[in-house]
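The values are calculated or read from the model by the stated rules, or taken from the named source; none is laboratory data. Keep in mind it's a predicted model, so treat the numbers as computed, not measured. Every residue, glycine as well, gets a Cβ built from its backbone with ideal geometry; the counts of neighbours run over all protein chains shown. Surface accessibility is based on the protein's heavy atoms, side chains included, excluding ligands, DNA and RNA. Shrake-Rupley method; radii C 1.70, N 1.55, O 1.52, S 1.80 Å.
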Amino acid sequence: CTLPVPHVKRIMRERDEVGRMAEATPVLVAKVAEMFARDLVAAAGAAAAERGAKVLTVADIRAAVHGDDMFDFVRETLDGLDDEPVAARTERNGSGTDPTSHR
């Protein structure tokens, strides 16, 4: 999977603290984001496999983040997330629609 560099560049430009940037900067940021996502998903996949699951959950991502100091910068953000799947919250709240489903 490759992140589209123009989208990365647009996201970077939307940030007030990002001023002018070299042409290669969005390319580098996109590559780093891909590498981070790959490593995080691999570690979370290992956590899911350890518990015999076939689906990644927030708990698996949390286990991966807390199990490797490489991800320590994500801990504070991740600890604020709910472990309950979106579909379960949706069903419990009675709205009947899953915001993660694609039509």
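Summary of values
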read-out: Pair list, Cβ under 7 Å, 6 or more apart: segment 7-20 residue surrounded by 11 or more Cβ atoms within 10 Å (Cβ to Cβ), other residue part of a loop (DSSP other than H, G, I, E, B); value: Met12/Val18; Met12/Met21
read-out: Close pairs from segment 53-79: first closer than 15 Å to Phe36 by Cα and of a type in the set (Asp, Glu), partner open to solvent by 40 Å² or more (accessible area, probe 1.4 Å) and in a helix (DSSP H, G or I), Cβ under 9 Å, at least 6 apart; value: Asp68/Asp39; Asp72/His66
read-out: Flag if Thr90 is open to solvent by 70 Å² or more (accessible area, probe 1.4 Å) and either at pLDDT 85 or above or not aromatic (Phe, Trp, Tyr) (or both); value: no
read-out: Top-ranked residue in segment 68-87 [being open to solvent by less than 80 Å² (accessible area, probe 1.4 Å) and charged (D, E, K, R); ranked as modelled with the lowest pLDDT]; value: Glu84
read-out: Residue count for segment 54-75, restricted to those that are more than 12 Å from the chain's Cα centre (by Cα) and of a type in the set (Val, Ile, Thr); value: 1
read-out: Cβ pairs under 8 Å, 6+ apart, first in segment 32-44 and in contact (Cβ under 8 Å) with a residue 24 or more places away in the chain, second assigned to a helix (DSSP H, G or I) and open to solvent by 70 Å² or more (accessible area, probe 1.4 Å); value: Asp39/Met70
read-out: Complete set of residues in segment 21-38 that are part of a helix (DSSP H, G or I), open to solvent by 90 Å² or more (accessible area, probe 1.4 Å) and over 23 Å from Ile61 (Cα atoms); value: Leu28
read-out: Candidate set from segment 42-67 (those that are of a type in the set (Val, Ile, Thr) and either farther than 18 Å from Leu81 by Cβ or surrounded by fewer than 16 Cβ atoms within 10 Å (Cβ to Cβ) (or both)); member that is modelled with the highest pLDDT; value: Val55
